[in-house]
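Asks: Please see the structure below; I have some questions.
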Amino acid sequence: MPRRIAIVTGVSRLQGIGKAICVELAKQDVDVFFTYWLTYDRQMPWPTAANEPDLIQQAIRNLGVNCEKIELDLAPPDAIDHLFDAVTTQMGPPSILVNNATYSTQTSLQTITGPELDQHYWINLRATTLLCVEFAKRFSASTNQASQGRIINLSSGQSLSAMSGEIAYAITKGAIETLTRTICHELAAQGITINAVNPGLTDSGWMDAATRASFLPRSPMGRFGQPEDAARLIAFLASDAAGWITGQVIHSEGGFVREKYD
């Protein structure tokens, strides 16, 4: 039986959740096609080396599966078709989609602008929605699928509490939970499950010393989430064992206390 094929978006950093997702899927004998966009990563305060996507690809291949990648901005109108055409041509029809790519900057009432809100919308909501739509279209049209289709979206727990200073990020990522619940019935009729995962506060290379000192007391397990924590949950939702789970938003936060201790 041929391996399943997964698309994972937003995979560019060795410490990132995206890379950990690819590794866990590969451990399940899933071939992986991932996207990355270094132009965005270079805007972030944490360093990302230009060769990290190459190193990630080799690490996945070392696990015995096929792995291809593409550098792609998901915002342009033709990006979604371009991605699915590339996956189908190079690997075959995908049966798993993980929407991990995100756009995030600090925005407050004093600093938010229309163009910055648009940037968040294009990636966090528009691209995620259209990726789900195109996946469903092509899954329905494809033949000899090895199993049900799987879509897993990444949320950030915006429904649980306020996210001060990140207006554009919070409202566009928060909509992912609504999207997941809204389209789950139509997708179920096509043999596709869709779920969303909130990975919680994850130590993926972005936290400085002050952030660690502020948030660690709010974790009753005494540690931050690791990329592998979210990745293992996502890999389970992508597996045959999760075939009866759909339309759910799962908060994988290790008991994180969202209100500070007194």
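The values are calculated or read from the model by the stated rules, or taken from the named source; none is laboratory data. It should be emphasised that the depicted structure is a prediction, and the values quoted were computed from it without experimental measurement. So basically every Cβ, Gly included, is an ideal-geometry build from the backbone, and we count neighbours across all protein chains shown. When the accessible area is computed, the model is the full protein with side chains, heavy atoms only, and any ligands, DNA or RNA have been set aside. Shrake-Rupley method; radii C 1.70, N 1.55, O 1.52, S 1.80 Å.
Asks: Counting heavy atoms of the protein chains only and a 1.4 Å probe, report the per residue accessible area for the stretch 208-262 as a whole number of Å².
Replies: 60 Å²
Asks: Count the net charge of all other residues whose Cβ sits under 9 Å from the Cβ of LEU201, scoring Lys and Arg as +1 and Asp and Glu as -1.
Replies: -1
Asks: On a full-extension model of 0.36 nm per residue, what is the gain between GLN106 and ALA49, subtracting their alpha-carbon distance, rounded to one decimal in nm?
Replies: 18.2 nm
Asks: Quick one: accessible surface of LEU160, probe radius 1.4 Å, all protein chains present, in square angstrom to the nearest 10.
Replies: 80 Å²
Asks: Also: If you filter the stretch 187-262 for chymotrypsin sites (Phe, Trp or Tyr not before Pro), then keep DSSP loop positions with at most 15 other Cβ within 10 Å, what is left?
Replies: The qualifying sites are TRP206, TRP244, TYR261.
Asks: Also, quick follow-up: With springs only between Cα atoms under 10 Å apart, run a GNM on the chain and tell me which of ILE183, ILE151, ILE194 wobbles the most.
Replies: With Cα springs under 10 Å in the chain, the top fluctuation among ILE183, ILE151, ILE194 is at ILE183.
Asks: For the chain, give the percent of accessible area contributed by carbon and sulfur heavy atoms, probe 1.4 Å, rounded to a whole number.
Replies: Ligands and nucleic acids excluded, carbon and sulfur reach 54 percent.
Asks: Please state the shape class of the stretch 51-90: rounded when a/c is under 1.5, otherwise prolate if a/b exceeds b/c and oblate if not, all from the C-alpha gyration tensor.
Replies: oblate
Asks: May I ask you to list the GluC sites (Glu not before Pro) in the stretch 213-262 that are in a DSSP loop and have at most 11 other Cβ atoms within 10 Å of their Cβ?
Replies: Sites meeting the loop and neighbour criteria: GLU259.
Asks: Enumerate the residues in the stretch 120-137 having an amide nitrogen under 12 Å from the point lying 7 Å beyond the Cα of THR182 toward its Cβ.
Replies: Label zone hits: 125-126, 129-130.
Asks: Something else: Can you tell me which of 32-39, 76-83 comes out highest on packing, and rank the rest after it, using the mean Cβ neighbours within 10 Å?
Replies: The most tightly packed comes first, giving 32-39, 76-83.
Asks: Rounded, prolate or oblate for the chain? Axes are the square roots of the Cα gyration tensor eigenvalues, ordered a ≥ b ≥ c, and the cut-off for rounded is a/c under 1.5.
Replies: rounded
Asks: Right, something else. Per residue, how much accessible surface does the stretch 70-190 expose to a 1.4 Å probe? Answer in Å², no decimals.
Replies: 46 Å²
Asks: Turning to a different aspect of this structure: At PHE236 and SER214, where each label point lies 7 Å from the Cα along Cα→Cβ, what is the point-to-point distance in nanometres?
Replies: 3.1 nm
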